[in-house]
Amino acid sequence: MTHTEIDALVKSWIVDTATRPVNPRVQQIAVRLLGDLYKAIEDLDIQPSEVWKGLEYLTFTGSRNEFGLLAPGIGLERFLDMRADEAEAKAGLTGGTPRAIEGPLYVAGAPESVGYARLDDGTESEQAEVLFMQGIVYGKDGKPVPNARVEVWHANLMGNYSFFDKSQSAFNLRRSIITDEQGRYRFRSIMPMGYACPPDGATQLLLDQLGRHGNRPAHIHFFVTANGYRKLTTQINIDGDEYLWDDFAFASREGLVPEVKRTGGAEPHATIDFDFHLLPEAVTAPSAEVQRVRAAA
(Lines give C-alpha, C1' and ligand atoms only; values in the text may rest on other atoms or scores of the structure.)
Protein backbone atom coordinates (compact mmCIF):
# COMPACT_ATOMS: atom_id res chain seq x y z
CA MET A 1 0.00 0.00 0.00
CA THR A 2 1.40 3.42 -0.94
CA HIS A 3 1.66 6.32 1.48
CA THR A 4 -0.99 8.17 -0.51
CA GLU A 5 -3.34 5.22 -0.19
CA ILE A 6 -2.66 5.06 3.56
CA ASP A 7 -3.42 8.78 3.95
CA ALA A 8 -6.74 8.27 2.15
CA LEU A 9 -7.55 5.24 4.29
CA VAL A 10 -6.83 7.07 7.56
CA LYS A 11 -8.96 10.00 6.42
CA SER A 12 -11.85 7.68 5.58
CA TRP A 13 -11.65 6.00 8.99
CA ILE A 14 -10.93 8.96 11.27
CA VAL A 15 -12.26 12.08 9.52
CA ASP A 16 -15.06 10.96 7.21
CA THR A 17 -16.76 8.85 9.91
CA ALA A 18 -17.19 11.76 12.32
CA THR A 19 -20.91 12.42 12.91
CA ARG A 20 -20.62 14.29 16.22
CA PRO A 21 -18.73 17.45 17.28
CA VAL A 22 -14.96 17.05 16.73
CA ASN A 23 -12.00 18.35 18.66
CA PRO A 24 -10.00 19.58 15.64
CA ARG A 25 -6.63 19.41 17.40
CA VAL A 26 -7.16 15.85 18.61
CA GLN A 27 -8.35 14.83 15.16
CA GLN A 28 -5.33 16.47 13.53
CA ILE A 29 -2.88 14.68 15.83
CA ALA A 30 -4.68 11.32 15.55
CA VAL A 31 -4.65 11.44 11.76
CA ARG A 32 -0.94 12.25 11.68
CA LEU A 33 0.14 9.66 14.25
CA LEU A 34 -2.01 6.88 12.83
CA GLY A 35 -0.85 7.67 9.30
CA ASP A 36 2.80 7.54 10.38
CA LEU A 37 2.19 4.29 12.28
CA TYR A 38 0.51 2.57 9.35
CA LYS A 39 3.27 3.74 7.01
CA ALA A 40 5.89 2.33 9.38
CA ILE A 41 4.02 -1.01 9.47
CA GLU A 42 3.99 -1.06 5.66
CA ASP A 43 7.57 0.16 5.13
CA LEU A 44 9.15 -2.09 7.79
CA ASP A 45 6.84 -5.07 7.13
CA ILE A 46 5.91 -5.18 10.80
CA GLN A 47 4.09 -8.44 11.45
CA PRO A 48 0.84 -8.85 13.42
CA SER A 49 2.64 -10.63 16.26
CA GLU A 50 5.04 -7.68 16.54
CA VAL A 51 2.15 -5.20 16.62
CA TRP A 52 0.44 -7.11 19.42
CA LYS A 53 3.71 -7.48 21.30
CA GLY A 54 4.02 -3.69 21.11
CA LEU A 55 0.50 -3.24 22.45
CA GLU A 56 1.27 -5.67 25.26
CA TYR A 57 4.36 -3.61 26.07
CA LEU A 58 2.31 -0.41 26.30
CA THR A 59 -0.15 -2.18 28.59
CA PHE A 60 2.74 -3.39 30.78
CA THR A 61 4.21 0.12 30.88
CA GLY A 62 0.90 1.51 32.07
CA SER A 63 0.50 -1.20 34.70
CA ARG A 64 3.92 -0.25 36.08
CA ASN A 65 3.11 3.48 35.87
CA GLU A 66 6.33 3.98 33.94
CA PHE A 67 5.34 6.24 31.08
CA GLY A 68 6.87 9.13 33.04
CA LEU A 69 10.14 7.18 33.12
CA LEU A 70 9.93 5.91 29.56
CA ALA A 71 9.47 9.44 28.16
CA PRO A 72 12.93 10.64 29.23
CA GLY A 73 14.45 7.24 28.46
CA ILE A 74 13.57 7.46 24.76
CA GLY A 75 14.54 11.14 24.59
CA LEU A 76 10.97 12.44 24.32
CA GLU A 77 11.21 14.78 27.31
CA ARG A 78 14.59 16.15 26.19
CA PHE A 79 13.21 16.69 22.68
CA LEU A 80 10.36 18.77 24.11
CA ASP A 81 12.94 20.85 25.99
CA MET A 82 14.88 21.41 22.78
CA ARG A 83 11.75 22.70 21.09
CA ALA A 84 11.05 25.00 24.06
CA ASP A 85 14.61 26.36 23.81
CA GLU A 86 14.07 27.10 20.13
CA ALA A 87 10.75 28.83 20.79
CA GLU A 88 12.29 31.08 23.44
CA ALA A 89 15.23 31.94 21.19
CA LYS A 90 12.84 32.90 18.38
CA ALA A 91 11.01 35.15 20.86
CA GLY A 92 14.31 36.84 21.74
CA LEU A 93 14.53 35.22 25.18
CA THR A 94 18.13 34.20 25.82
CA GLY A 95 20.63 34.17 28.66
CA GLY A 96 18.61 32.28 31.24
CA THR A 97 19.63 29.21 33.19
CA PRO A 98 19.38 26.16 30.90
CA ARG A 99 16.25 24.12 31.34
CA ALA A 100 16.38 20.39 31.99
CA ILE A 101 13.78 17.66 32.19
CA GLU A 102 11.35 17.50 35.11
CA GLY A 103 11.22 13.73 35.32
CA PRO A 104 8.37 11.81 36.98
CA LEU A 105 9.15 12.27 40.68
CA TYR A 106 7.99 15.77 41.67
CA VAL A 107 5.47 16.01 44.53
CA ALA A 108 3.49 19.18 45.18
CA GLY A 109 2.93 20.57 48.67
CA ALA A 110 6.44 20.45 50.16
CA PRO A 111 6.96 22.51 53.35
CA GLU A 112 7.77 26.15 52.68
CA SER A 113 10.32 28.43 54.36
CA VAL A 114 11.98 31.76 53.66
CA GLY A 115 15.65 31.97 52.73
CA TYR A 116 16.81 28.66 54.19
CA ALA A 117 15.64 25.09 54.66
CA ARG A 118 17.01 21.75 55.74
CA LEU A 119 15.88 19.09 53.29
CA ASP A 120 16.91 15.81 54.91
CA ASP A 121 15.31 14.27 57.98
CA GLY A 122 18.61 13.09 59.44
CA THR A 123 18.06 9.35 58.99
CA GLU A 124 21.07 9.00 56.68
CA SER A 125 23.36 11.48 58.43
CA GLU A 126 25.89 8.87 59.55
CA GLN A 127 26.43 7.55 56.03
CA ALA A 128 25.87 10.70 53.97
CA GLU A 129 28.03 13.61 52.96
CA VAL A 130 26.54 16.87 54.22
CA LEU A 131 25.71 19.28 51.41
CA PHE A 132 25.16 23.02 51.60
CA MET A 133 23.83 24.67 48.45
CA GLN A 134 23.10 28.35 48.01
CA GLY A 135 22.75 31.06 45.42
CA ILE A 136 20.73 34.00 44.16
CA VAL A 137 17.77 34.13 41.81
CA TYR A 138 18.33 36.86 39.22
CA GLY A 139 15.84 38.48 36.88
CA LYS A 140 15.77 41.47 34.56
CA ASP A 141 19.02 43.40 34.13
CA GLY A 142 20.76 41.00 36.49
CA LYS A 143 18.85 42.19 39.53
CA PRO A 144 18.06 39.78 42.40
CA VAL A 145 14.45 38.60 42.64
CA PRO A 146 13.03 38.56 46.17
CA ASN A 147 10.07 36.28 46.95
CA ALA A 148 10.89 33.87 44.15
CA ARG A 149 9.91 30.28 44.88
CA VAL A 150 12.67 27.67 44.63
CA GLU A 151 11.22 24.16 44.80
CA VAL A 152 13.88 21.51 45.24
CA TRP A 153 13.78 17.70 45.38
CA HIS A 154 16.33 14.90 45.07
CA ALA A 155 17.02 11.24 45.85
CA ASN A 156 18.43 9.68 49.01
CA LEU A 157 21.50 7.45 49.30
CA MET A 158 19.59 4.56 47.77
CA GLY A 159 18.60 6.62 44.75
CA ASN A 160 14.97 6.71 45.94
CA TYR A 161 12.54 9.61 46.34
CA SER A 162 10.20 10.21 49.26
CA PHE A 163 6.46 9.72 48.67
CA PHE A 164 7.22 7.06 46.04
CA ASP A 165 9.52 5.31 48.52
CA LYS A 166 7.23 4.70 51.49
CA SER A 167 10.15 3.94 53.81
CA GLN A 168 11.08 7.63 53.86
CA SER A 169 9.41 10.30 55.94
CA ALA A 170 6.95 12.67 54.28
CA PHE A 171 8.69 15.28 52.13
CA ASN A 172 12.16 14.02 52.97
CA LEU A 173 14.59 15.80 50.61
CA ARG A 174 11.80 18.07 49.32
CA ARG A 175 11.25 21.74 50.19
CA SER A 176 9.99 25.06 48.81
CA ILE A 177 12.26 27.99 49.64
CA ILE A 178 11.13 31.59 49.17
CA THR A 179 14.08 33.84 48.38
CA ASP A 180 14.86 36.59 50.88
CA GLU A 181 15.01 40.32 50.18
CA GLN A 182 18.34 39.88 48.40
CA GLY A 183 16.99 37.08 46.23
CA ARG A 184 18.99 34.46 48.11
CA TYR A 185 18.14 30.82 48.79
CA ARG A 186 20.14 28.31 50.85
CA PHE A 187 19.60 24.77 52.01
CA ARG A 188 21.29 21.98 53.88
CA SER A 189 20.86 18.42 52.67
CA ILE A 190 22.86 15.30 51.88
CA MET A 191 24.75 14.56 48.70
CA PRO A 192 22.30 12.61 46.52
CA MET A 193 22.99 9.41 44.64
CA GLY A 194 22.02 8.60 41.10
CA TYR A 195 19.53 5.87 40.33
CA ALA A 196 18.80 3.18 37.78
CA CYS A 197 15.53 2.16 36.16
CA PRO A 198 13.82 -0.76 37.91
CA PRO A 199 15.55 -3.82 36.42
CA ASP A 200 12.22 -5.67 36.06
CA GLY A 201 10.32 -2.67 34.74
CA ALA A 202 9.02 -1.65 31.33
CA THR A 203 11.58 1.06 30.66
CA GLN A 204 14.58 -1.16 31.29
CA LEU A 205 12.95 -3.90 29.22
CA LEU A 206 13.01 -1.63 26.17
CA LEU A 207 16.47 -0.27 26.97
CA ASP A 208 17.82 -3.82 27.11
CA GLN A 209 16.46 -4.46 23.63
CA LEU A 210 18.19 -1.28 22.45
CA GLY A 211 21.50 -2.17 24.11
CA ARG A 212 21.32 0.77 26.52
CA HIS A 213 21.77 1.17 30.28
CA GLY A 214 19.17 2.87 32.45
CA ASN A 215 21.37 4.89 34.83
CA ARG A 216 21.16 8.54 35.82
CA PRO A 217 23.94 10.58 37.43
CA ALA A 218 23.36 12.12 40.86
CA HIS A 219 21.29 15.28 40.41
CA ILE A 220 19.04 17.81 42.15
CA HIS A 221 15.76 19.03 40.63
CA PHE A 222 14.38 22.57 40.73
CA PHE A 223 11.29 24.55 39.83
CA VAL A 224 11.97 28.29 40.08
CA THR A 225 9.04 30.68 39.73
CA ALA A 226 8.44 34.39 40.30
CA ASN A 227 5.83 36.94 39.24
CA GLY A 228 6.55 38.29 35.78
CA TYR A 229 9.01 35.54 34.90
CA ARG A 230 8.86 32.29 32.99
CA LYS A 231 8.85 29.15 35.08
CA LEU A 232 12.24 27.48 35.09
CA THR A 233 12.36 23.69 35.22
CA THR A 234 15.92 22.50 35.62
CA GLN A 235 18.33 20.29 37.51
CA ILE A 236 22.00 20.33 38.37
CA ASN A 237 24.19 17.25 38.05
CA ILE A 238 26.85 16.38 40.58
CA ASP A 239 30.31 16.74 39.10
CA GLY A 240 32.42 13.60 39.15
CA ASP A 241 29.57 11.10 38.77
CA GLU A 242 30.47 8.27 36.38
CA TYR A 243 27.25 8.83 34.42
CA LEU A 244 27.59 12.62 34.29
CA TRP A 245 27.74 12.72 30.49
CA ASP A 246 26.12 9.34 29.94
CA ASP A 247 22.67 10.00 31.37
CA PHE A 248 20.04 7.59 30.05
CA ALA A 249 17.55 10.50 30.20
CA PHE A 250 19.77 12.85 28.12
CA ALA A 251 19.43 15.61 30.75
CA SER A 252 23.09 16.56 31.26
CA ARG A 253 23.76 20.04 29.89
CA GLU A 254 26.62 22.51 29.91
CA GLY A 255 25.94 25.15 32.51
CA LEU A 256 24.25 22.70 34.89
CA VAL A 257 27.33 21.05 36.39
CA PRO A 258 28.52 23.40 39.14
CA GLU A 259 31.78 22.93 41.01
CA VAL A 260 31.57 20.92 44.22
CA LYS A 261 33.82 22.32 46.94
CA ARG A 262 34.70 20.14 49.92
CA THR A 263 35.75 21.22 53.40
CA GLY A 264 37.44 18.94 55.92
CA GLY A 265 37.92 19.39 59.62
CA ALA A 266 35.60 18.59 62.49
CA GLU A 267 32.49 19.07 60.34
CA PRO A 268 33.34 18.02 56.78
CA HIS A 269 30.83 18.99 54.12
CA ALA A 270 30.38 19.78 50.45
CA THR A 271 29.30 23.17 49.12
CA ILE A 272 27.67 24.07 45.82
CA ASP A 273 27.11 27.67 44.71
CA PHE A 274 24.55 28.06 41.95
CA ASP A 275 22.59 31.10 40.78
CA PHE A 276 19.40 30.95 38.76
CA HIS A 277 18.72 33.41 35.95
CA LEU A 278 15.04 33.73 35.01
CA LEU A 279 13.65 34.91 31.69
CA PRO A 280 10.86 37.50 31.60
CA GLU A 281 7.42 36.32 30.61
CA ALA A 282 6.58 37.01 26.97
CA VAL A 283 3.33 36.59 25.04
CA THR A 284 5.35 35.67 21.94
CA ALA A 285 6.66 32.46 23.54
CA PRO A 286 4.68 29.33 24.42
CA SER A 287 3.85 28.84 28.08
CA ALA A 288 6.70 27.49 30.19
CA GLU A 289 4.17 25.79 32.48
CA VAL A 290 3.70 22.20 31.34
CA GLN A 291 0.24 20.84 32.11
CA ARG A 292 0.63 17.27 33.34
CA VAL A 293 -0.63 15.12 36.18
CA ARG A 294 1.70 15.38 39.17
CA ALA A 295 1.72 13.74 42.58
CA ALA A 296 0.58 15.81 45.55
CA ALA A 297 0.69 15.13 49.27
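The values are calculated or read from the model by the stated rules, or taken from the named source; none is laboratory data. For clarity, every value in this text was computed on a predicted model and none was experimentally measured. Positions of Cβ are generated from backbone atoms using ideal geometry, with glycine treated the same way; all protein chains shown enter the neighbour counts. These accessible areas exclude ligands, DNA and RNA; they are computed on the full protein's heavy atoms, side chains included. Shrake-Rupley method; radii C 1.70, N 1.55, O 1.52, S 1.80 Å.
Tell me, please, whether a residue that is crowded, with 16+ Cβ neighbours inside 10 Å, touching a Pro at 6+ places or on another chain (Cβ under 7 Å), of a type in the set (Val, Ile, Thr) and not in a strand (DSSP E or B) can be found in segment 95-113.
If we filter segment 95-113 for residues that are crowded, with 16+ Cβ neighbours inside 10 Å, which is where we start, we get 96-97, 99-107, 110.
From what is left, the residues that are touching a Pro at 6+ places or on another chain (Cβ under 7 Å) are 101, 103.
Checking the rest, the ones that are also of a type in the set (Val, Ile, Thr) come to 101.
Checking which are not in a strand (DSSP E or B) leaves us with 101.
Yes; the residues of segment 95-113 include at least one that is crowded, with 16+ Cβ neighbours inside 10 Å, touching a Pro at 6+ places or on another chain (Cβ under 7 Å), of a type in the set (Val, Ile, Thr) and not in a strand (DSSP E or B).
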Mind checking whether some residue in segment 114-121 is aromatic (Phe, Trp, Tyr) and over 18 Å from residue 223 (Cα atoms)? no
Let me confirm something: among 261, 231, which residue is more than 15 Å from residue 276 (Cα to Cα) and open to solvent by 20 Å² or more (accessible area, probe 1.4 Å)? 261
Scanning segment 123-147 for residues that are open to solvent by 50 Å² or more (accessible area, probe 1.4 Å) and part of a loop (DSSP other than H, G, I, E, B), which turns out farthest from residue 190 (Cα to Cα)? 143
Here's a check for you: in segment 9-62, which residue that is in contact (Cβ under 8 Å) with a residue 12 or more places away in the chain and of a type in the set (S, T, N, Q) is surrounded by the most Cβ atoms within 10 Å (Cβ to Cβ)? 61
Would you pick out the residues in segment 265-297 that are among the acidic types (Asp, Glu) and either at positive phi or not in a strand (DSSP E or B) (or both)? 267, 275, 281, 289
Kindly indicate whether residue 142 is small (Gly, Ala, Ser), within 22 Å of residue 257 (Cα to Cα) and modelled with pLDDT under 95. yes
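May I ask you to verify whether residue 240 is part of a loop (DSSP other than H, G, I, E, B), at positive phi and open to solvent by less than 80 Å² (accessible area, probe 1.4 Å)?
So residue 240 passes the test.
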Among (1) open to solvent by less than 80 Å² (accessible area, probe 1.4 Å); (2) of a type in the set (D, E, K, R); (3) out of contact with any helix residue (DSSP H, G or I) (no Cβ under 9 Å at 6 or more places or on another chain); (4) assigned to a helix (DSSP H, G or I), there is one condition residue 120 misses while meeting the rest; what is its number? (4)
